[in-house]
Amino acid sequence: MLGPLASLKILDFSTLLPGPFASLLLADMGAQVLRIESPSRMDLLRVLPPHDHGVSASHAYLNRNKRSLALDLKQPEALEVIKRLLQDHDIVLEQFRPGVMERLGLGYEALKAINPRLIYVSITGYGQTGPYKDRAGHDINYLALAGLSSYTGRADSGPLPLGMQVADVAGGSLHGVIGLLAAVIARQQTGQGQHLDVSMTDCAFSLNAMAGAGYLACGVEPGPENQVLNGGSFYDYYRSRDGRWLSVGSLEPAFMKQLCTALGLEELAGLGLSPLPAQQKQLKEALKVEFERHDFAELCALFAELDACVEPVLKLGEALRHPQLKARELVTQVPRGDGSMQVQMACPLKFSEGLPEPKHIGAALGQHTDQVLGELGFSLERVEALRRNKVIL
């Protein structure tokens with residue numbers, strides 16, 4: 001089984017999370033991804049703990065199914081290798097700051113001249129234009145500038161660090177994959193490639209979906225705990241007597257009725273749709289009191305039998321054991337390369353024709369250098385000369 005993207009061959013110059021998560025999705029769907037890595041400037045993800053068998057678990061997951069070519073792009077001879085690769089690798093994914101690839105002679109215009117069908121995807125924090133294009137940033141900064149952090153959190157304590165990289169993944173990775181595949185479809189129609197400028201801040205800004213629409217059309221400024229879905233209503237998390245939490249999303253009247261009946265609060269069921277802050281506060285306080293009268297296990301058992309949009313806040317290990325996630329086969333076994341297997345999260349996309357089995361965990365730095373150069377027609381003598389000159393690892 002080759003997968004739906006088996007015809008795509010991608011040169012991946014990215015590191016850390018946004019680009020690698022994007023190319024992971026592509027590789028899981030069958031694309032042939034070749035990572036171009038620096039022999040001297042290590043991808044920090046390779047050393048990120050925790051480690052399994054001496055390998056970063058994050059790196060092993062995010063870079064599975066990809067080959068690794070260790071190539072010093074600052075060396076003139078490296079351009080020869082890239083030019084040869086561009087004969088059949090017609091997609092480039094890069095994550096450098098604007099201008100870096102141009103200084104290396106690997107910018108879009110230079111590579112387009114070699115292969116006009118080239119699709120060139122640049123993922124950056126702030127995009128290729130604008131006053132912040134050369135500014136450093138991380139996920140928390142992109143969410144802050146995009147306005148998302150201003151209404152995510154508690155009114156008395158401020159924004160919350162979310163623990164997951166929303167701008168990196170939902171912004172850079174997923175939007176990057178969507179744009180890349182759209183460019184592939186356009187190329188099928190026109191024969192021409194193009195340059196895709198993906199800004200994680202831009203894409204995070206688009207995630208303001210409902211709040212942004214309300215502000216732009218109606219001037220309603222969102223703030224912490226002042227909207228239905230951000231803690232300004234009963235829609236929230238509630239603590240059990242033994243200190244665990246449950247999520248309550250019983251927005252529709254039928255769900256609210258089940259929730260209130262289960263907790264002996266039938267008389268308050270009509271407050272669920274009330275736009276009045278005082279009534280929302282009354283309902284919320286009543287729910288808080290009732291949840292804190294019961295232990296977590298008791299509440300889980302109670303709501304497991306109801307369709308009330310109430311679910312427990314599970315620890316990651318508990319989530320992995322949950323029957324729904326197990327039924328969806330969200331965990332897979334991936335070969336380490338030594339005959340053993342590593343347990344990893346599986347590709348979440350379900351195709352009726354299936355997907356190829358994972359080939360291997362993230363490769364060692366330069367693990368496929370000799371193999372790739374051999375496929376390009378480089379002689380053993382030429383490969384050794386490149387190694388002596390420290391062009392390759």
Flag if residue 149 is assigned by TED's automatic domain parsing to the domain that holds residue 109 and without any contact (Cβ under 8 Å) to a residue 24 or more places away in the chain: yes
Candidates 274, 247, filtered to the one that is surrounded by fewer than 17 Cβ atoms within 10 Å (Cβ to Cβ), touching an Asp or Glu at 6+ places or on another chain (Cβ under 8 Å) and closer than 29 Å to residue 158 by Cα: 247
Conditions first: (1) in the same structural domain as residue 185 (by TED's automatic domain parsing); (2) of a type in the set (Gly, Ala, Ser); (3) at pLDDT 95 or above. Residue 3 passes all but one, so which condition is the exception? (1)
Selection count where residues are surrounded by 21 or more Cβ atoms within 10 Å (Cβ to Cβ), more than 14 Å from residue 356 (Cβ to Cβ) and either in contact with a Gly (Cβ under 6 Å, 6 or more places away or on another chain) or of a type in the set (D, E, K, R) (or both), scope the stretch 1-56: 6
Hey, any hits in the stretch 296-315 for a residue that's among the β-branched types (Val, Ile, Thr) and closer than 30 Å to residue 55 by Cβ? no
I'd like to check which helices (runs of 4 or more DSSP H) are fully inside the stretch 186-303 and have at least 2 residues that are in contact with a Cys (Cβ under 8 Å, 6 or more places away or on another chain), under 30 Å from residue 94 (Cβ atoms) and in contact (Cβ under 8 Å) with a residue 60 or more places away in the chain. none
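Yes/no per residue for (1) basic (Lys, Arg); (2) closer than 30 Å to residue 230 by Cα; (3) part of a helix (DSSP H, G or I); (4) outside the structural domain of residue 74 (by TED's automatic domain parsing):
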{"site": "110", "(1), (2), (3), (4)": "no, no, yes, no"}
{"site": "117", "(1), (2), (3), (4)": "yes, no, no, no"}
{"site": "137", "(1), (2), (3), (4)": "no, yes, no, no"}
{"site": "179", "(1), (2), (3), (4)": "no, yes, yes, no"}
Can you tell which of 62, 162 is free of Cβ contacts under 8 Å to residues at least 24 places away in the same chain and assigned by TED's automatic domain parsing to the domain that holds residue 39? 162
I want to confirm something. Restricting to the stretch 66-100 and keeping residues that are within 16 Å of residue 369 (Cβ to Cβ) and of a type in the set (Asp, Glu), which single residue is surrounded by the most Cβ atoms within 10 Å (Cβ to Cβ)? 72
If a residue has to be under 13 Å from residue 231 (Cα atoms) and not basic (Lys, Arg) to count, how many in the stretch 281-298 make the cut? 2
Kindly evaluate residue 46 against the criterion of being touching a His at 6+ places or on another chain (Cβ under 8 Å) and either acidic (Asp, Glu) or at pLDDT 95 or above (or both). yes
Which condition number in (1) more than 30 Å from residue 288 (Cβ to Cβ); (2) in contact with a Phe, Trp or Tyr (Cβ under 7 Å, 6 or more places away or on another chain) is the one that residue 367 fails? (2)
Step by step: first the residues of the stretch 332-380, then only those that are buried (at least 16 other Cβ atoms within 10 Å of the Cβ) and of a type in the set (Ser, Thr, Tyr), then the one that is farthest from residue 40 (Cα to Cα). Which residue is that? 332
Which residues, counting only those in the stretch 339-393, are aliphatic (A, V, I, L, M) and part of a loop (DSSP other than H, G, I, E, B)? 346, 349, 355, 361, 363, 364, 365, 376, 391, 393
Hey, any hits in the stretch 184-194 for a residue that's of a type in the set (Gly, Ala, Ser) and closer than 22 Å to residue 24 by Cβ? no
Yes/no for residue 136 being touching a residue at least 60 places away in the same chain (Cβ under 8 Å) and either touching a His at 6+ places or on another chain (Cβ under 8 Å) or more than 15 Å from residue 197 (Cβ to Cβ) (or both): no
Given (1) under 25 Å from the mean Cα position of the chain (by Cα); (2) among the aliphatic types (A, V, I, L, M); (3) not assigned by TED's automatic domain parsing to the domain that holds residue 135, where does residue 254 come up short, assuming only one miss? (1)
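The values are calculated or read from the model by the stated rules, or taken from the named source; none is laboratory data. Just so you know, these numbers come straight off a predicted model, no measurement behind them. Heads up, the Cβs are rebuilt from the backbone with ideal geometry, glycines too, and the neighbour counts pull from every protein chain shown.
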